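The values are calculated or read from the model by the stated rules, or taken from the named source; none is laboratory data. Everything numeric in this text was worked out from a predicted model, so none of it was measured. In this analysis, Cβ positions are derived from the backbone assuming ideal geometry, glycine residues included, and neighbour counts consider all displayed protein chains. Surface areas here come from the heavy atoms of the whole protein model, side chains and all, with no ligands, DNA or RNA. Shrake-Rupley method; radii C 1.70, N 1.55, O 1.52, S 1.80 Å.
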Amino acid sequence: MAAPKKGRRPSGAQGRPGRTLVLFLIAVVALTGGMFLSGHTTPRLGIDLAGGTTITLTAKNQPGEQNAINPTNMNTAVGIIDRRVNGLGVTEAEVTTQGDRNIIVNLPKGTDEKQAREQVGTTAQLQFRPVLGVAQGAPAPEPSGSPSAGEGEGKNGDKDDKDKAGEKPGGSGEKDSPESGQPSASPTTQGRALTGALAADASEKPEAAPTQTPGASETPQAPEPQSGIPAELQKRLDELDCSKPEERAKAGEGDKPGENTVACDQEGLAKYALGPTDVAGTEVDGAKALFDSQTGKGWVVTLDFNSKGAEQFADATERISQQQPNQFAIVLDGEVVSAPSVDTRIGGGNAEISGSFTQQSAEDLANVLSYGALPLSFEESNVTTISPTLGSEQLQAGLIAGAIGLALVVLYLIFYYRVLGLVAISSLVAAAVLTYVIMTLLGPAIGFALSLPAVCGAIVAIGITADSFIVYFERIRDEIREGRTVRSAFFRAWPSARRTILVSDVVSIIAAVVLFIVSVGTVQGFAFVLGLTTAVDIAIVFFLTKPLMTILSGRKFFTSGHPQSGLDPKRLGARPPLRGRRRPAVATTEPKEA
């Protein structure tokens with residue numbers, strides 16, 4: 001077998017550095033071209049840089065449900081809130097858990113903050129309850145000698161039109177029904193429910209719109225005790241003041257679905273005594289907002305029940321139609337959305353809520369109902385809004401910090417490694433370009449957003465990448481100090497340097513993965529960028545730095561140990577060359593025989 005010629009190196013990546021460099025450049029060009037073809041040439045920015053709103057929701061225990069806050073329910077709530085936010089057309093929102101009780105909702109700039117807060121914080125506990133009684137929203141005042149002009153009279157001193165028309169208390173805007181003696185169904189500001197026979201009944205009995213004008217008020221009449229209401233429930237109804245938002249919010253607090261309760265309508269104009277829940281909101285299979293132009297109802301919300309809910313709703317409407325008042329209340333989060341009357345059993349498993357809906361209010365209600373009830377109740381513990389101006393200032397500060405760090409590294413490499421430092425600088429530039437392109441492509445691909453912690457991760461990566469070059473360069477210099485030739489040192493240093501670089505980078509990647517798994521919010525962005533840039537560092541070292549060093553190892557400027565090459569044996573304090581040098585004799589002593 002013929003021995004290999006002196007000085008020839010084995011083939012492969014080490015023997016064909018030009019091919020490796022060409023393949024690497026083709027990959028970079030392909031990724032860059034893909035970035036421009038995608039139409040996204042800048043990374044997608046996170047909330048803290050682009051501006052937006054961060055809402056922190058904290059779960060709270062309800063009476064009798066002390067163990068409801070658990071990982072399963074929290075994850076379910078995250079999924080529901082995420083679907084609700086996406087239903088608003090917000091495609092860049094982030095919904096994550098933080099700790100055991102908190103959910104963080106990040107909404108990008110341009111999102112309707114008020115609308116989003118109503119959607120994400122609404123528990124959507126929908127219930128269908130029978131109406132036991134109805135009264136005016138505010139408690140009746142003590143009778144006085146004569147009403148003031150603002151209490152019982154209009155601007156001209158006349159009684160309000162409602163008193164003349166005999167309308168029901170609570171601003172329903174209708175006369176008492178002569179057939180039943182009870183108030184007939186009336187729309188609230190959020191609409192009334194109609195299903196099958198209800199729709200037909202409504203078409204035969206057109207409803208009168210509320211006639212109360214803004215600024216005018218009527219003389220409240222004390223509600224009389226209504227038959228069928230337990231005394232304790234009647235007392236709660238009398239004491240309830242729906243004109244106060246804090247009392248409206250706590251009207252039925254603590255009452256379970258199987259118990260009687262009291263509730264206000266959403267405007268606080270009427271209050272209701274309600275029986276136990278007949279149908280729960282979990283039995284609603286779906287909801288849609290539709291514009292009904294045929295009957296002139298305008299925007300309506302249609303509800304579809306599942307098989308269980310359809311049967312429960314049919315039984316409930318049959319029972320309610322035979323009692324007085326023959327109304328059932330649609331209760332959403334403790335407030336009565338509508339309280340229509342029903343005259344017959346309604347089957348088929350579908351319902352329709354109609355009334356004074358706008359397109360936005362109909363879509364909001366349908367969105368909440370479609371995505372179901374949250375398994376937990378939440379309260380807003382913190383809402384932070386970041387303006388785009390503040391975000392741009394933070395981004396600018398982060399970029400300046402990164403530029404300063406990069407400049408210091410470049411100066412150090414040039415000062416310490418001379419011309420050899422140019423290899424490290426070119427590798428740093430390539431790593432920066434590759435990282436930028438990948439982060440830009442990941443925005444539309446997986447929704448990656450560059451946050452301020454992510455920028456910090458990219459800055460930290462400068463040091464990680466520089467460490468890899470330093471390990472390789474110092475291993476070469478160590479070989480030269482041991483008396484190796486410069487060319488030999490290039491090749492002998494690589495195996496040990498490669499092992500050290502891989503171990504260091506793998507440890508960094510493992511740390512980034514663990515941090516990404518256990519952290520939440522923007523900290524995950526830091527971990528993701530740290531892992532990404534570490535992986536890019538491995539690619540740069542193997543496919544750019546090593547081939548460049550192999551090519552330079554054949555250049556006389558380096559092999560001769562030029563003082564500016566950074567590999568001058570004299571400056572490094574190298575030993576005399578090993579070639580031709582005899583090893584010193586080692587004295588040995590052997591024990592003499594006895």
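From most to least packed by mean Cβ count within 10 Å, the peptides 533-544, 39-50 give 533-544, 39-50.
Of Leu552, Leu413, the residue with the largest accessible area leads and the full order is Leu552, Leu413 (1.4 Å probe). Distance between the pseudo-spin-label points of Thr76 and Ile446 (7 Å out from Cα toward the beta carbon): 3.0 nm. Note on exposure: Val506, Val105 ranked by accessible area (1.4 Å probe, complete protein assembly) read Val506, Val105, with the most exposed listed first. Within the full protein context, the accessible area of Val507 is estimated at about 90 Å² for a probe radius of 1.4 Å.
Considering only protein heavy atoms and a 1.4 Å probe, what is the carbon-and-sulfur percentage of the accessible area of segment 228-302? Could you put the intermediate results ahead of the total?
Working: 1830 of 3820 Å².
Result for segment 228-302: 48 percent of the exposed heavy-atom area is carbon or sulfur.
Legend: Rg and Dmax of segment 472-549, from Cα coordinates, 16.3, 53 Å.
Under the rule a/c < 1.5 gives rounded, and otherwise a/b versus b/c splits prolate from oblate, where does segment 291-365 land using the Cα gyration tensor? Each step should come with its number before you reach the end.
Numbers: a/c = 1.69, a/b = 1.59, b/c = 1.06.
Prolate is the answer for segment 291-365, as a/c is 1.5 or above and a/b outweighs b/c.
Shape verdict for segment 220-358, please, from the Cα gyration tensor: rounded (a/c under 1.5), prolate (a/b greater than b/c) or oblate. The shape class here is prolate.
Peptides 285-297, 457-469 ordered by packing proxy, namely the average of other Cβ atoms within 10 Å per residue, highest first: 457-469, 285-297. Over segment 273-410, accessible surface divided per residue gives 45 Å², non-protein components excluded, 1.4 Å probe.
For segment 378-496, with all protein chains in place and a probe radius of 1.4 Å, 69% of the accessible heavy-atom surface sits on carbon or sulfur. You can think of it this way: the chain between Leu502 and Thr358 has 45.7 nm of extra reach, that is 0.36 nm per residue less the Cα-Cα gap. Summarising the label geometry, the points placed 7 Å from Cα in the beta-carbon direction at Ala539 and Gln98 lie 3.3 nm from one another.
Using a Förster radius of 51 Å, what is the FRET efficiency between Arg19 and Thr56 based on their Cβ-Cβ separation? Nearest 0.05, please. Numbers along the way, then the final one.
On the way: r = 54 Å, r/R0 = 1.06.
Efficiency, from the Cβ-Cβ distance: 0.40.
Tell me which GluC sites (Glu not before Pro) from segment 444-543 have a DSSP coil assignment and no more than 15 other beta carbons within 10 Å of their own. Loop-located and lightly packed - Glu482.
From the P(r) of segment 378-478, can you give the percent of Cα pairs sitting at distances over 16 Å? Display every interim value, and only then the final one.
Values: 3349 of 5050 pairs.
That fraction is 66 percent.
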